[in-house]
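Read the structure below first, then the notes.
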Ligand code: G2I
């Protein structure tokens, strides 16, 4: 069974994430077979603290996601972090109505497909954002002068066509986004003005029919604490559920201001969870007045940790997505004058205190469970080599290579013990000749800035013990980090 993209539809968790060499020359006599099996990076080895957000979140049975900007998919530093740290990606803009159906009946799926391909290569879930929203709505819808029948048809056609296209590829959809005013009443929009409050139920029913397996969410901001707006949302969701409208989850965007996390966040999440719904933190960031200083960054770290603990305390809170992971890409400075520094990484993609705090709150440990390690030695490149799982007939290895200088295209080589074969991998194109494995950049992660980290992983056919080999980057041996 295939969807409109021609993707074979298998459940997302079992979707293969394999980038394999296809060149006959690369494969000569030493085929790295493309067994398209679970190449999703698994959780850390039992007993060892997870060193990445995604491993730590997975151990908690949750996902950790990020919004992804289409324009950054060619930046290796960006994609390296996005793949290594996050198990879910949300389209920051490319699946919005103005991007995907800019004129009536004319759909542009290419950028959204790019995101899905990226996610599948990294074993990540895709969160679709968003189907029905008053903003980023093309003029032909917002000012089209459609009557009730026509607008219903326009809305349903949009939902159905987009969800059909991504059926099996998108796990969750924000079906309706930001439908409320601050006082809890329904926001005026072309949808509510023309269709009345019933547009929400219609949108969800249409969405369920389009992709019965996708989780369907209603998403909003300033609904994190108990208050007028979240009460309005709660009342509407309760009433829709009692009418049999298929809603699965509520997204709490969580665009917070430093020192202003609502104290009723957990209570609020829990009351929605008690309706039988999943709850998700969908767009987390914590902005501050610029310039940032170390005191503010420490408070921000504590608040990222506290939000993380809030989600973990509610069993129906399935995951946390940050709205971009780096201050270099955040929407905040462009919208709030004089504010920013809202993300886990700084402008140079270096982890901020917030990163370590969130990782620790998830039960992980910065540096992979060995806080006593000395600073990484200097040199052209430093390698972390982690066997993240091992069983009788296979191992999964995650490799990180920090490069001191920028690289434009990379190739990493290392030897496996005799007889060990790479069977599948992610975030690189693999080939193997005898014991020597070559992992070359995938089309989307070749450019890595100075100080950036290349991340890839692979599975072998052998569960025997082995010590980390010497890894060379573009022909130069790296040191162990
Ligand atoms: O505003 C923050 C978020 C609030 N919740 C819904 C999200 O969808 C929203 O995301 C932001 C994106 O982060 C921005 O990147 O939504 C904005 C638009 O409402 C996005 O900004 C837009 C710019 O305003 C446009 O000028 C630009 O063409 O991004 C567009 C694509 O780059």
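The values are calculated or read from the model by the stated rules, or taken from the named source; none is laboratory data. Everything numeric here is computed off the predicted structure, so don't read it as measured data. Note: ideal-geometry Cβ built from the backbone for every residue, glycine included; neighbour counts use all protein chains shown.
Can you tell me how many residues within the range 81-104 are more than 16 Å from the ligand (Cβ to nearest atom) and surrounded by fewer than 24 Cβ atoms within 10 Å (Cβ to Cβ)? Selection size over the range 81-104: 3.
Select from the range 328-354 the residues that are closer than 21 Å to residue 62 by Cβ and either within 13 Å of the ligand (Cβ to nearest atom) or free of Cβ contacts under 8 Å to residues at least 40 places away in the same chain (or both) and write down the one among them that is surrounded by the fewest Cβ atoms within 10 Å (Cβ to Cβ). If we take residues in the range 328-354 being closer than 21 Å to residue 62 by Cβ and either within 13 Å of the ligand (Cβ to nearest atom) or free of Cβ contacts under 8 Å to residues at least 40 places away in the same chain (or both), then 351 is surrounded by the fewest Cβ atoms within 10 Å (Cβ to Cβ).
Scanning the range 107-133 for residues that are within 16 Å of the ligand (Cβ to nearest atom) and surrounded by 18 or more Cβ atoms within 10 Å (Cβ to Cβ) yields a count of 10.
Among the candidates 231, 235, the residue that is more than 16 Å from the ligand (Cβ to nearest atom), surrounded by fewer than 15 Cβ atoms within 10 Å (Cβ to Cβ) and closer than 21 Å to residue 269 by Cβ is uniquely 235. Restricting attention to the range 351-400, the residues being modelled with pLDDT of 85 or more, closer than 27 Å to residue 308 by Cβ and not in a strand (DSSP E or B) number 15. Here residue 309 does not fit the description of being within 16 Å of the ligand (Cβ to nearest atom), at pLDDT 95 or above and touching a helix residue (DSSP H, G or I) at 6+ places or on another chain (Cβ under 6 Å). So, residue 452, is that one under 30 Å from residue 116 (Cβ atoms) and modelled with pLDDT of 85 or more or not? Here the answer is no, as residue 452 does not meet what is asked. Of everything in the range 43-80, what is within 16 Å of the ligand (Cβ to nearest atom) and in a loop (DSSP other than H, G, I, E, B)? Give them in sequence order. Residues satisfying the conditions are 69, 73, 74, 75. Remark: residue 440 matches the filter, which requires a residue to be under 18 Å from residue 74 (Cα atoms), surrounded by fewer than 21 Cβ atoms within 10 Å (Cβ to Cβ) and at pLDDT 90 or above.
When residue 324 is evaluated against the numbered criteria (1) surrounded by fewer than 22 Cβ atoms within 10 Å (Cβ to Cβ); (2) within 11 Å of the ligand (Cβ to nearest atom); (3) in a loop (DSSP other than H, G, I, E, B), which criterion, by number, is the only one it fails? Among (1) surrounded by fewer than 22 Cβ atoms within 10 Å (Cβ to Cβ); (2) within 11 Å of the ligand (Cβ to nearest atom); (3) in a loop (DSSP other than H, G, I, E, B), residue 324 violates only (1). As a summary of the residue check, residue 188 satisfies the conditions (1) outside any helix (DSSP H, G or I); (2) in contact with a helix residue (DSSP H, G or I) (Cβ under 8 Å, 6 or more places away or on another chain); (3) surrounded by fewer than 18 Cβ atoms within 10 Å (Cβ to Cβ) except for the one numbered (2). Can you tell me how many residues in the range 69-80 are touching a strand residue (DSSP E or B) at 6+ places or on another chain (Cβ under 7 Å) and surrounded by 22 or more Cβ atoms within 10 Å (Cβ to Cβ)? Within the range 69-80, residues that are touching a strand residue (DSSP E or B) at 6+ places or on another chain (Cβ under 7 Å) and surrounded by 22 or more Cβ atoms within 10 Å (Cβ to Cβ) number 4.
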